[in-house]
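Beneath this line is the structure, given in structure tokens, with notes to follow.
The values are calculated or read from the model by the stated rules, or taken from the named source; none is laboratory data. Only a predicted model underlies this, so the values are computations on that prediction, with no experimental measurement involved. Positions of Cβ are backbone-derived with ideal geometry, glycine not excepted, and every protein chain shown enters the neighbour counts.
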Amino acid sequence: MTTMPSTTRTRQTVEVPENDETTSSRRRATWIPAAAVVLWVAVAVVIGSGLDTLRTNDGLLAGTGPALEILWVATALALVIPSAVSLTLARTLVPLAPIVAVAIALERTDTSTVAGVALSLMVTLAVWSAPIGSHHLQAGAYGAERRFPLRPPTGYVVASTLAWGLTVGLGLIAARSEGTATTVVAGALAIALAAISAPRWHRLSRRWLVLVPTGLVVHDPLVLAETLMLRRSEVAALTIATDDSPADLTGGVGGPTLELATVESVTAVLATGPRRPGGRAIHLSAARLAPTRPGAVLRAWTQRRATPPPSTQRSSRS
């Protein structure tokens, strides 16, 4: 009696080796998010005593009730629980702190108010830093993925900031207004603008370059209609970009960028925009990318290239 051979597949998991520089970089990426949480607590302690001044009848926070405390708790949770959504929430709410701190400083000038302004500015800068972005986005990574945030285009940030400022302003008008009509109109406009802007704000937190064991992925809904996925064998090089890189996938970001060169021409589908109502497919053999930390990407990519990719082995038995 002859037994037909059966084939089974076993998958090998390859660990990426770490060097001292990688370990040091990850430690920095850990203490900066922790420092942001400490600073956020310090902001509440320092400026908390001045909130009563702003809640008087003619104060900036008149009529807002405990809204600021609720927003502070929501922000604290966003800082402690990392994810792309919590990153958007933290970066949307933390900038309210400098506004409140400056308003308190205009009412009374003492050591605590000056410290409040300084602390609120520090925590705002920390929340918008690259390590905070990497920490939150990496929390949503799968397995051996390594996510690197992409720098946002200046024009998009300016438009988002203006929309944020207008939303906050309308919210304050609705809270401070004594007329019912003004309150309703301003409140409705603030809610509508926030609902329209929120997906655009969140889009900034969903842009990353991902290194995976088998290659790399460019996930950028702001620039690309479809995620660009490349195997290691398809990537010719990843280096510091030059001015003559043929395709720009940065969204017009300035500063140092990386050039991704491919072995053969690949297709990338650009997202819709004012100049591309239906999007557009392009063929490229090299493109510019703008991660927040280009050096960290190059170091990680070098390590990945030095490590054999996961392989599928076949074994037969009779």
- Message: Take the conditions under 23 Å from the mean Cα position of the chain (by Cα), at pLDDT 85 or above and either more than 21 Å from Gly116 (Cβ to Cβ) or surrounded by fewer than 12 Cβ atoms within 10 Å (Cβ to Cβ) (or both) and apply them to Val80. Does it pass?
- Response: yes
- Task: Kindly provide the set of residues from segment 179-215 that are under 24 Å from Arg299 (Cβ atoms) and either hydrophobic (A, V, I, L, M, F, W, C) or more than 19 Å from the chain's Cα centre (by Cα) (or both), ordered by number.
- Result: Trp208, Leu209, Val210, Leu211, Val212, Pro213, Thr214, Gly215
- Query: Looking at this structure, is Gly254 at pLDDT below 90 and touching a helix residue (DSSP H, G or I) at 6+ places or on another chain (Cβ under 9 Å)?
  - Reply: yes
- Task: Could you pull out the residue among Pro66, Pro33, Pro17 that is modelled with pLDDT under 85 and within 27 Å of Ile99 (Cβ to Cβ)?
- Result: Pro66
- Query: Scanning for something assigned to a helix (DSSP H, G or I) and under 30 Å from Pro291 (Cα atoms), does segment 170-186 turn up at least one residue?
  - Reply: no
- Given (1) surrounded by 19 or more Cβ atoms within 10 Å (Cβ to Cβ); (2) out of contact with any Asp or Glu (no Cβ under 7 Å at 6 or more places or on another chain), Trp128 misses just (1)
- Query: Quick one: Leu193 ticks every box in (1) under 16 Å from Trp40 (Cβ atoms); (2) touching a helix residue (DSSP H, G or I) at 6+ places or on another chain (Cβ under 9 Å); (3) of a type in the set (A, V, I, L, M, F, W, C) bar one, so which box is it?
  - Reply: (1)
- Taking segment 156-172 as the search range and keeping residues that are surrounded by fewer than 16 Cβ atoms within 10 Å (Cβ to Cβ) and not aliphatic (A, V, I, L, M), which one is farthest from Val223 (Cα to Cα)? Gly169
- Query: Can you pull out the residues in segment 83-93 that are farther than 15 Å from Pro131 by Cα and surrounded by 19 or more Cβ atoms within 10 Å (Cβ to Cβ)?
  - Reply: Leu89, Thr92
- Query: When segment 204-262 is examined, which residues are found to be over 22 Å from Arg280 (Cβ atoms), in a loop (DSSP other than H, G, I, E, B) and in contact with a Pro (Cβ under 7 Å, 6 or more places away or on another chain)?
  - Reply: Pro213, Thr214, Pro256
- Task: Out of the residues in segment 216-252 that are of a type in the set (Val, Ile, Thr) and closer than 23 Å to Thr302 by Cβ, state the one that is surrounded by the most Cβ atoms within 10 Å (Cβ to Cβ).
- Result: Thr250
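The rows are residues; the columns are (1) of a type outside the set (Gly, Ala, Ser); (2) over 20 Å from Ala90 (Cα atoms).
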| position | (1), (2) |
| --- | --- |
| Leu162 | yes, no |
| Ala175 | no, yes |
| Pro221 | yes, yes |
| Glu226 | yes, yes |
| Gly255 | no, yes |
